[in-house]
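Only one structure is covered here, and it is reproduced in the block below.
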Amino acid sequence: MMNQTANAQSTGLLVDEELDRGLWPKVVYVGRLLIRDKAGMLGLAMFLIVVVAAVFAKPIAPHDPLKQNLRVAKTPPAWTEKGNSDHLLGTDNFGRDLFSRIIYGSRVSLTVGFFGVLIAGSLGLIVGLVSGYLGGRVDNVIMGTVNMILALPYLVFVVFIAAILGRSLLNVILIFGFTDIPIFVRITRGEVLRMRESGFVESAHSIGAGKIRILFDHILPNLIGPLITIATFEMSAMIFYEAGLGFLGLSVPPSVPSWGNMLATGRKYLTIYPWIATFPGLAIVFTGLGMNLSGDWLRDVLDPRMRRVKR
Amino acid sequence: MSKVLEVRDLVTKFYTFDGVVHALNHVGFDLDQGETLAIVGESGSGKIVTMLSLLHLLPVPPARIEAGQAIYYDDAEPIDLLEQSKSEISRIRGGKIGFIFQDALSALNPVMTVGRQISESLIEHTAMGADEAKARTIELLEHVGIPGARQRYRNYPHQFSGGMRQRVMIAVAIACNPKIVIADEPTTALDVTVQAQIVDLTKQLQDEMNMAVIWITHDLGVVAGIADRVLVMYAGCPVEIAAVDDLYEHPRHPYTMGLLGALPRVDRTETERLVSIEGAPPDLMEAPCHCQFVWRCPYAFDRCWQEIPPQTEVDQRHFATCFYDIEQGRPRQDG
Amino acid sequence: MAESNNAPPTSNPDAPQAEPLVRVERLKKHFPIMRGLVFSRRVGAVKAVDNVSFNIRRGETLGVVGESGCGKSTTGRVILNLLPPTEGRVLLDGIELNTLNEEALRRLRPRMQMIFQDSYDSLNPRHSVGKIIAEPMVIHGTMSGAEMRDRVVELLELVGLNAHHISRFPHEFSGGQRQHINIARALALNPEFIVCDEPISALDVSIQAQVVNLFRDLQERLGLTYMFIAHDLSMVQHISHRVAVMYLGKVMELTRRDDLFHNPLHPYTQSLMSAVPIPEPKLERKRRRIMLEGEVPSPANPPGGCVFHTRCPIAEDICCDEVPEYREVLPGHFAACHLADDRSGSKIET
């Protein structure tokens, strides 16, 4: 019995002919990658939990996050002796249900993360492309500016701007969106520089491709992978920074439930009613970790060269 | 000529997430004292995995040496290299068996001076003290043809040119007077004029020190110049082994014939087509249950698809792993 | 195969020719070495290609060999104007490439193509094979969609692949097959001249033979002209009609393949020939090698006079002082050596 698919041998391909036809094999391939990378699987699961919480906040949350009820204020979590099964994670100093607030808080975090990265990523991509591809003076000027901005202490800078602009979700998104541009510029430029010297760009040049074609048809598609990976990491970073801003009272208005605001509220009571700050803190860590793990995994999925060939 | 290494039935597999890679399938060969054995093969042939297996240089998950023996005939008792413990094998590596890597720049420690790397090996494996080791190191560097050895003792690997670095690697390998030196494609990355120098140096050292050399390469031209015996490997299987003249003049395996036919020669001026072996090497992920060369073999017949051919002695000390008798032009008659 | 071939019929490159297809005249490519972070100044130059002149006739294969730093790859790139020359000129079929503007040069590209060494790196990992091969046609916009698709299949079959492979990606192929894809793309617009830069060095020996045979077949069928750059002298000798030997940016010798082996005039060629291993044990063991001292100097700091004099076994005083003229010592046989004459002045005694 022949121990090799005659098909593949005759075409000499490393991959069987039947494989990779259509969408389903791609799904299977991604699935296999997931199973192989346990950390990635975990991260993705964690991330999905947060997304589900944000999207389905209304049906999931047992209480109105804004509703104050001083009679049950400062109730500890349900599993402690003074706890109350009505409030799973307890309540804060105004009697607002912590669990519901955490669920609603995920909306703020994800919104800030997503839109912040969207702005920073798209603008950073454009600037990085221009800088990397044109090189020369333009590159020097852009990189000089970028490096100066990066030399500033990030949090101080953000706090400063936030203090001036005032508290609103839009402001927070804008702040992070713009202050994170330099990172994307750096990454994009690095990749563009690397690709400019690569064989397939030289090949494209040799068959007569013009600059525009090389930029959009060759360089850009190969940027998507690294960009998306960085985007996930930056997103998790933004969630932490939002928390930081909130903690300092500079994030969204205090009426909006955000994890950062919750940290600020809970700070005073950290020694007496620790749960008020601890649970939002855990939520932040959980989300950030989930995103980082997913980001690593995503990078492997998106890299075409990493595709292990399977018979 | 006494035997210095005897390898039998070596089977190595890599257990990876995507499946099992059958890297080596019953590889065996002998090595006599002072002789040069060339191991020839293309990519995937397993030529370097063989050596790494012997010296325990493979990462043990995913690699697993599942069978085989590698008897090393020391001055004292013969020992099986595959059975040695970590500490025992690390005494042998560098001490009794030297290794020359292909890429000197990555094999040598970039942040340690060249002199120190050699001295350390000497101190580790012999009874020398630091001063004695240093003197011996300088001697070695001179011996391998590095001018100004006393000053260059203090240089770092990147301060040498490619050919000089390879000489340094040779010095490291022979420092402790090993009985066997294994060279993994030592001249592949070098210019051809430098390659000639290194080949010459190796021959000279070998004569002086009566070392056995295992030279791993894909270059059949280099092999013709330095080898006493040749082992040809394909897809993890030993395909043919013979004395060098015998192999080139009377190849008995279709793969060897194909390989020799595919070589252009600088002294031949006819313009005939090169014999190319159609197809590509098989996937090592499938456990072999018949001859691994069968898809590309012009002489394949039904038996070739059914069983794995054994190593058959076709001439004196000349073995071929094939069911077909090329000399007679028909399938082999015996069992 | 459809009549899409507009190249002239195969001509015999050894017959006396009218105009050579490619003329290279006094070509130089120097890369400046800059020092200083803010105000960089030029402190020297890497003379990668230093005053190279030769012709390539229609239908012939000119092999170019040399060791590291000799400038053969750079020469190939400069000829195709992938790198602009520092000095000198290149003419393709009488058209001077260096005076053309970018647009005119681009439109000329279909006639002159390049095949690169690293078969993996030269293919965009995100493009399918069909897209890769069709790209030249898309860029130069001469065909309709259906015509392009047919042509892609035709090209794939020409190089021994088949239509199944159109939707595949480069990583699914072996090294040899990727080179076939590169060749198919290079042929898409019926070029006349192809520069092959070490196209087989990274391949296994048995696969090298496949690719080289393909090169020869295509040359016969399509009347192609090649410049075959490699460091493997045996392979270059096999496939070329004439061979140029380069060292540190200069051509040391250029002649017909057989003459190069039987009557090498330049001491470097002689050393090279003696160093190349021959796969025949009895012969190889007996060979007397001409051993060169040391290694190739850096092209950033080449020796004065004849660049080879530091390693030359028969160098004389004049070799250290004067740059030898690259001249036609025997009919069709060029060498750059003070000692080369039509007798044996430059022969190294072994």
Count of segment B:56-80 residues which are closer than 22 Å to B:V230 by Cβ and crowded, with 19+ Cβ neighbours inside 10 Å: 3
Members of segment B:243-259 found to be over 16 Å from C:S206 (Cβ atoms) and more than 20 Å from the chain's Cα centre (by Cα), listed by number: B:E249, B:H250, B:R252
Residues of segment A:218-231 satisfying the condition of being at pLDDT 90 or above and facing chain C (nearest Cβ under 8 Å): A:H218
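Quick one: would you say B:A63 is of a type outside the set (S, T, Y) and either within 17 Å of the chain's Cα centre (by Cα) or farther than 30 Å from A:Y29 by Cβ (or both)?
Working: of a type outside the set (S, T, Y): yes; either within 17 Å of the chain's Cα centre (by Cα) or farther than 30 Å from A:Y29 by Cβ (or both): no.
Considered against the rule, which asks whether it is of a type outside the set (S, T, Y) and either within 17 Å of the chain's Cα centre (by Cα) or farther than 30 Å from A:Y29 by Cβ (or both), B:A63 comes out as no.
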Condition broken by C:I278, with the remaining ones in (1) under 21 Å from C:V52 (Cβ atoms); (2) assigned to a loop (DSSP other than H, G, I, E, B); (3) among the hydrophobic types (A, V, I, L, M, F, W, C); (4) within 11 Å of chain B (Cβ to nearest Cβ) satisfied: (1)
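Would you check which residues across segment C:161-180 are more than 9 Å from chain A (Cβ to nearest Cβ) and within 25 Å of the chain's Cα centre (by Cα) and list them? Spell out how you get there, then give the answer.
Within segment C:161-180, the first condition is being more than 9 Å from chain A (Cβ to nearest Cβ), and the residues that meet it are C:163, C:166, C:175, C:178-180.
C:G175, C:R178, C:Q179, C:H180, listed by residue number.
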Residues satisfying the stated conditions in segment B:97-108, i.e. crowded, with 19+ Cβ neighbours inside 10 Å and farther than 14 Å from B:A183 by Cβ: B:L108
Within segment A:131-216, helices (runs of 4 or more DSSP H) holding 1 or more residues that are within 14 Å of chain C (Cβ to nearest Cβ): A:136-151, A:181-196, A:199-206
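Given the structure, is C:G63 assigned to a strand (DSSP E or B), within 14 Å of chain B (Cβ to nearest Cβ) and under 24 Å from C:R327 (Cβ atoms)? Give the derivation first.
Details: assigned to a strand (DSSP E or B): yes; within 14 Å of chain B (Cβ to nearest Cβ): yes; under 24 Å from C:R327 (Cβ atoms): yes.
It is true that C:G63 is assigned to a strand (DSSP E or B), within 14 Å of chain B (Cβ to nearest Cβ) and under 24 Å from C:R327 (Cβ atoms).
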Looking only at segment A:91-130, and only at residues there that are in a helix (DSSP H, G or I) and among the hydroxyl-bearing types (S, T, Y), the one that is nearest to A:I276 (Cα to Cα): A:S100
Test: residue in segment C:287-309 that is within 30 Å of B:H250 (Cβ to Cβ), of a type outside the set (S, T, N, Q) and more than 7 Å from chain B (Cβ to nearest Cβ): yes
Test: residue in segment A:282-298 that is modelled with pLDDT of 90 or more, over 22 Å from A:F115 (Cα atoms) and of a type outside the set (G, A, S): yes
Subset of segment A:167-187 (residues that are surrounded by 18 or more Cβ atoms within 10 Å (Cβ to Cβ) and among the aliphatic types (A, V, I, L, M)): A:L169, A:V172, A:I173, A:I175, A:I181, A:I183, A:V185, A:I187
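Got a sec? Which strands (runs of 3 or more DSSP E) wholly within segment C:155-249 have at least 1 residues that are closer than 18 Å to C:M137 by Cα and outside the structural domain of C:V307 (by TED's automatic domain parsing)?
On the way: elements: C:193-197, C:225-230, C:242-247.
Qualifying strands (runs of 3 or more DSSP E): C:193-197.
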Lone unmet requirement of (1) farther than 25 Å from C:R221 by Cβ; (2) part of a helix (DSSP H, G or I); (3) touching a residue at least 24 places away in the same chain (Cβ under 8 Å); (4) not acidic (D, E) for C:N98: (3)
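From the list B:R154, B:R91, B:R150, exactly one residue is assigned to a loop (DSSP other than H, G, I, E, B) and surrounded by fewer than 15 Cβ atoms within 10 Å (Cβ to Cβ). Which is it?
Details: B:R91 fails: assigned to a loop (DSSP other than H, G, I, E, B); B:R150 fails: assigned to a loop (DSSP other than H, G, I, E, B).
None of the other options fit; the residue is B:R154.
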Set C:I139, C:I133: member being part of a helix (DSSP H, G or I), under 27 Å from the mean Cα position of the chain (by Cα) and more than 9 Å from chain A (Cβ to nearest Cβ): C:I133
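Take the residues in segment C:69-95 that are within 11 Å of chain A (Cβ to nearest Cβ) and assigned to a loop (DSSP other than H, G, I, E, B), then tell me which one is farthest from C:H30 (Cα to Cα). Write out each step before concluding.
Let us first name the residues in segment C:69-95 that are within 11 Å of chain A (Cβ to nearest Cβ), namely C:76-77, C:80-83.
Still in the running and assigned to a loop (DSSP other than H, G, I, E, B): C:80-83.
Details: C:L80: 16, C:N81: 14, C:L82: 14, C:L83: 11 Å.
Step by step, filter segment C:69-95, then rank; the result is C:L80.
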Selected residue [in contact with a helix residue (DSSP H, G or I) (Cβ under 8 Å, 6 or more places away or on another chain) and not hydroxyl-bearing (S, T, Y)] from C:L254, C:L222, C:L248: C:L222
Filter result (within 13 Å of another protein chain (Cβ to nearest Cβ), closer than 26 Å to C:L248 by Cα and under 15 Å from the mean Cα position of the chain (by Cα)) within segment B:186-218: B:T187, B:T188, B:V199
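The values are calculated or read from the model by the stated rules, or taken from the named source; none is laboratory data. Note that the structure is a prediction, hence the values are computed from the model and not measured. In this analysis, Cβ positions are derived from the backbone assuming ideal geometry, glycine residues included, and neighbour counts consider all displayed protein chains.
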